[in-house]
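Here is the structure we will look at, set down as structure tokens.
Throughout, read-outs are computed from the coordinates displayed, never taken from laboratory work. Treat the numbers as computed from the prediction; the structure is a model and nothing was measured. For neighbour counting, all protein chains shown are included, and Cβ atoms are generated from backbone atoms with ideal geometry for every residue, glycine included.
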Amino acid sequence: MRIACIGGGPAGLYFAIAMKLRNPAHHIAVFERNRAGDTFGWGVVFSDQTLANLTATDPVSAKTIADSFAHWDDIATTVDGATSTSSGHGFIGIGRKHLLQILQARAGELGVELHFEHECSSDPADYPGYDLIVASDGVNSAVRTRFAEHFEVDIDVRRNKFMWLGTHQLFDAFAFIFEPTEHGWVWAHAYRFNADTSTFIVECSPETWAGLGFENMEQEEAIAFCEKLFARHLGGHRLISNAAHLRGSANWLNFRRVSCGRWSRGNLVLLGDAAHTAHFSIGSGTKLALEDAIKLAEVLDRPGLDAPDALTAALAEYEEERRTAVLRIQNAARNSTEWFEDVDRYIGFALPQFAYALLTRSQRISHENLRLRDPAWLEGTERWFRKAEGAEEAAGQPLFTPYRLRDVTLPNRVVMAPMLTYMADTEGFAGDRHLVHYGARALGGTGLIISEMLAVSPEGRATVVCPGLWDDRQVAMWHAINTFIHANSDSRTCAQIGHAGARAACRAPEGGRGYDVPLDDPWPILSASARAWKPGGLIPAEASIEDLARIRDDFVAAARRAHDAGFDALELHAGHGFLLSSFITPIMNARGDALGSDLAARMAWPLEVVRAVRAVWPHSRPLLVRISATDWSGERGIQPADAVEIARMLKAEGVDLVDVSAGETNALAKPVYGRMFQTPFADRIRNEVGVPVMAVGNIEDADQANSILLAGRADLIGIGRPHLANPMFTLHAAAKAAEARAFVPAAVRPGYEQMARAEAKLAEALRA
């Protein structure tokens, strides 16, 4: 093949090397606009896995690269002079300039044509006679820009400002250094990459950047300011720029996250940063570029590529496989980027928690992964957490740390999230199946059990087999359930009460399927406005002021019955498109009276209900409210910023904890699913409002739960579907953690002890 690589960075050079090694007969030319020795970066960070991939592709250049690496195991987090250091992270780094020199030399050795100081064209027509044109021209790719519509280019310009510098101060660890100023915090990402130089990236919020006057400083002034700010960490060394040609504040950048819906066009293909970028805070840009190059060479190493559509198929395979790996890194990078953009939420944390939050910010490093890396550091951080939370015993994991809400103490942070069971009779009465269902989870060690939504009126049921608390006679079974749980476990219980609104009068799902299907003969339903919850669904009547006064009183009466039934806590369901939620979201609320329009108006009636319930619910017992923190419906719906204000209003009315869910406010929503996908909403509310929160949504195990708790992202962890599959979820997690404080019923103890012994043996085997 005749191949032209537009751009002579690591991606283009390594692709050329990989192709030449597969077939020396390939004619490959690399065109680079800069001189051979020019580069505008400092250090490049690799993982051990990346080095293994390089070694498998080209052992010769891999050895040269490896011999040039700087190695370190530690990450040091320093906040205003105080430092927390964890070990076992295994980073390797090399100077970008040196890496390019190695790859240039290797490519030349293999017969690749290298054309420097070549002003590259973005038009493929200017490269006639080539079978393949590789656009490896970086984050500002002219080729990608020329065909932006075809490539479906999406560029997200992030808000923080950063300046990429170097220094001859040598850091023994990968250092995150945070320094306060009168206009906010400024921090550095610093790491050594050779025997005498370290990368030193300075970052801050745009507000701090403007407040400090960086926008009006020449490069030399800005560097001098940063030298003074970070003087105690630089050991007398200067900060250095390799972009002296930039004037004014042009040396300050905003990171551009690039993603493309397509990576190829005919015989033109994007490679590395031209196709995608990942934020520098996770150090994976060069890794992705090199692994792109390896995969592209692999799919092109096959006969018959001159056949019709063969090249197209090969490029499609390259894109399909690499897209998954890239998305995984980009998702982690997005998490990391947003953490630094929101660092003001966390900077007030105690240092152990702040350092932990920083280490786990991308979700690539989990709680138990940190235990493998540095068990002493993690155990010390766990001890700090338990002491800070008032636990009697220092040892133990965050998940098994007691938690107090008013006068109710939960034995651990595990919550059985509320989920409809469709097991009531047609009169809304709970039965023996509810006793077994909830009792089993209590015997399984769950800290707090939240009931499914108990309707405050018959017409407020989601289905005909949903339970309620609208009748005094319904109290008896729930009282029996609570009595059993309190007598046989350490679990506490919470009644969730609500009104289904526009989602009422539906059939019970058959075989676990068929949700929100209206009854053939439905009862009249009410909502904030006459809007169906889903296309073709029942159209509710707009609730009148008289209706709302009656329903408010229904909530109050149900709250009183929940107390009589012996529940330790009470939750109002104000999410998922049910009645309270229908007032909050503009998607369902189109009222023209004082209960419509802006957020304050839409919150007026839900807050009236909260206020009325709080007035009758005992002061000693906590009141929770479940909300949908986003409608997943773009700008026309509730946004996370709105959720912050909603939580602030709820806190002012005496709500003790916000149960932060998301979506289901309308059937046309487009949720973005993933691990712990709703936790960022809980994190924001907790740390901007200062109210306790419960995180829910795709939290599958104790490892994830511990990460959320110790990072200060939530106070309780709602576990839904895993509890349905495993009533002993909490005891399984306790056995694995060798948790001594777990309540284990006598009948269960032999099995628990056997399980604990098995987990201990497994842990020992893994350590060995």
By how many nm would the segment from ASP156 to SER122 lengthen if fully extended, with 0.36 nm per residue of separation less the alpha-carbon distance?
-> 10.0 nm
Over the chain, calculate the relative contact order: mean separation of alpha carbon pairs under 8 Å at least 6 apart, over the residue count, as a percent.
-> 9 percent
Treat the count of other C-beta atoms within 10 Å as a stand-in for reagent exposure and order TYR422, TYR438 from fewest to most.
-> TYR422, TYR438
Points 7 angstrom from Cα along the Cβ direction at GLU635 and ALA667: gap in nanometres?
-> 2.8 nm
For THR83 and ASN34, calculate 0.36 nm times their separation in residues minus their Cα-Cα distance, and state this gained length in nm to one decimal.
-> 13.6 nm
In whole Hz, what ³J(HN,Hα) sequence does the range 513-525 give by Karplus (6.51, -1.76, 1.60; θ = phi - 60°), x for Gly and Pro?
-> 9, x, 6, 6, 9, x, 5, 5, 10, x, 7, x, 10
Binned Cα-Cα distances of the range 582-686, short to long, each 10 Å bin given as a whole percent | 15, 45, 32, 8, 0
Would you kindly derive the ³J(HN,Hα) couplings of the range 10-21 from the backbone phi angles with the Karplus curve 6.51 cos²θ - 1.76 cosθ + 1.60 (θ = phi - 60°), listing them in order in whole Hz, with x for Gly and Pro?
-> x, 5, x, 5, 6, 4, 4, 4, 4, 6, 5, 5
Report, largest value first, the span of the C-alpha coordinates of the range 400-720 along each principal axis, in whole Å.
-> 48, 43, 40
What order do you get for 406-416, 219-229 when each peptide is scored by the mean count of other beta carbon atoms within 10 Å, highest first?
-> 406-416, 219-229
May I ask you to list the trypsin sites (Lys or Arg not before Pro) in the range 244-335 that are in a DSSP loop and have at most 11 other Cβ atoms within 10 Å of their Cβ?
-> ARG247
On the formula 1/(1 + (r/R0)^6), with r taken between the Cβ atoms of ASP432 and TRP523 and R0 of 25 Å, the FRET efficiency rounded to 0.05 is 0.40
Measure nothing but the geometry: give the 0 to 90° angle between the long axis through the Cα atoms of 310-341 and the longest principal axis through the Cα atoms of the chain, rounded to 10°.
-> 60 degrees
May I ask you to order 133-145, 747-759 by the average number of other C-beta atoms within 10 Å around their residues, highest value first?
-> 133-145, 747-759
Spacing of the two label points (7 Å from each Cα toward its C-beta) at ASP593 and ALA549, in nm | 1.0 nm
FRET efficiency for LEU372 and HIS115 from the Cβ-Cβ distance with R0 = 56 Å, rounded to 0.05, comes out at 0.75
Determine ³J(HN,Hα), in whole Hz, for all residues of the range 211-219 in sequence, where each value follows from phi through the Karplus function 6.51 cos²θ - 1.76 cosθ + 1.60 and θ = phi - 60°; x replaces Gly and Pro.
-> x, 7, x, 4, 5, 9, 9, 6, 3
Is there a pair in LYS63/LYS287; LYS534/LYS651; LYS20/LYS295; LYS63/LYS97; LYS97/LYS228 whose C-alpha atoms are over 24 Å apart, and which pairs would that be?
-> LYS534/LYS651; LYS97/LYS228
Going from the fewest other Cβ atoms within 10 Å to the most, one would list LEU358, LEU448 as LEU358, LEU448
Report the antiparallel proportion of the DSSP beta bridges in the range 2-341 as a percent, rounded to a multiple of 5.
-> 70 percent
Footprinting exposure proxy for GLU117, GLU32, GLU392 (fewest neighbouring C-beta atoms within 10 Å first) | GLU392, GLU117, GLU32
